[in-house]
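Taking it in order: structure first as structure tokens, then the write-up.
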Amino acid sequence: MSASVTAPRRGVLAVAGAIAAVLALGGLTACGSEEPKTEKAGSASQGDGAGEGAKGEDAPEEQGGALAPGDTAAYDDLKATVSEASPYAIDEMVEVPAGHKPYEVTVTLENVGDAKFDPAMTLLMARAGEEGNEAEEIFDGQVGGGFAGTLLPGKKATQKFAFFVPDGAKNLDVEVVVGDFEKEPATWSLPL
């Protein structure tokens, strides 16, 4: 087990507890009702509805399940983009588990709706390698803890996340769960 900073982890545990409470109360009846459209990295499609339904903008599930690095999951009021994975220079106070390497990704959320968005309940989960082993998120004072504050209409929020990936893994799959529980999660498959 790695020695990580405990304060950010408590915040994550609080978020996980809130999600568990909502699930226990059956409050997710609309869960997953909105599937994202895919905007490929470098795509010229920036206008509202331009090319809607065109090839390359189907839901991720219709394209084999995962987005590529730099692709965007576009919902009606929010866009989420995950960068490529790159090696992460971990804080010296955190021990890297044996047989693992740290990698980082950058996640960008863009509010394309008309109302404020609270990104604090946005969660990331990651799996790595052929066996799909869970990749533990790193909390070291530089990364970890997620998004905070309010995202106004037309604004973006960018946050770095890092994970311990088993040695020899050729990919890191990162799932982004947007915090309003009415959007299908989107998954990026990132080559290492």
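The values are calculated or read from the model by the stated rules, or taken from the named source; none is laboratory data. This structure is a prediction, so every number in the text was calculated from the model and none was measured. A quick note on method: Cβ atoms are made from the backbone with ideal geometry, for glycine too, and the neighbour counts reach across all protein chains shown.
Considering only residues of region 86-95 that are under 18 Å from Ala126 (Cα atoms) and surrounded by 13 or more Cβ atoms within 10 Å (Cβ to Cβ), which is modelled with the lowest pLDDT?
Only one residue tops the list, namely Ile90.
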Close pairs from region 28-40: first within 16 Å of Leu78 (Cβ to Cβ) and surrounded by 12 or more Cβ atoms within 10 Å (Cβ to Cβ), partner of a type in the set (Lys, Arg) and modelled with pLDDT of 50 or more, Cβ under 6 Å, at least 6 apart: Glu34/Lys183
Among residues of region 147-176, those that are over 16 Å from Tyr103 (Cα atoms), under 14 Å from the mean Cα position of the chain (by Cα) and surrounded by 18 or more Cβ atoms within 10 Å (Cβ to Cβ), counted: 3
Glu131, sole failed condition from (1) free of Cβ contacts under 8 Å to residues at least 24 places away in the same chain; (2) in contact with a strand residue (DSSP E or B) (Cβ under 7 Å, 6 or more places away or on another chain): (2)
Residue list for region 96-129, filter: modelled with pLDDT under 95, in contact with a helix residue (DSSP H, G or I) (Cβ under 8 Å, 6 or more places away or on another chain) and either part of a strand (DSSP E or B) or under 13 Å from Gly168 (Cα atoms) (or both): Leu123
So Gly146, is it at positive phi and modelled with pLDDT of 95 or more: no
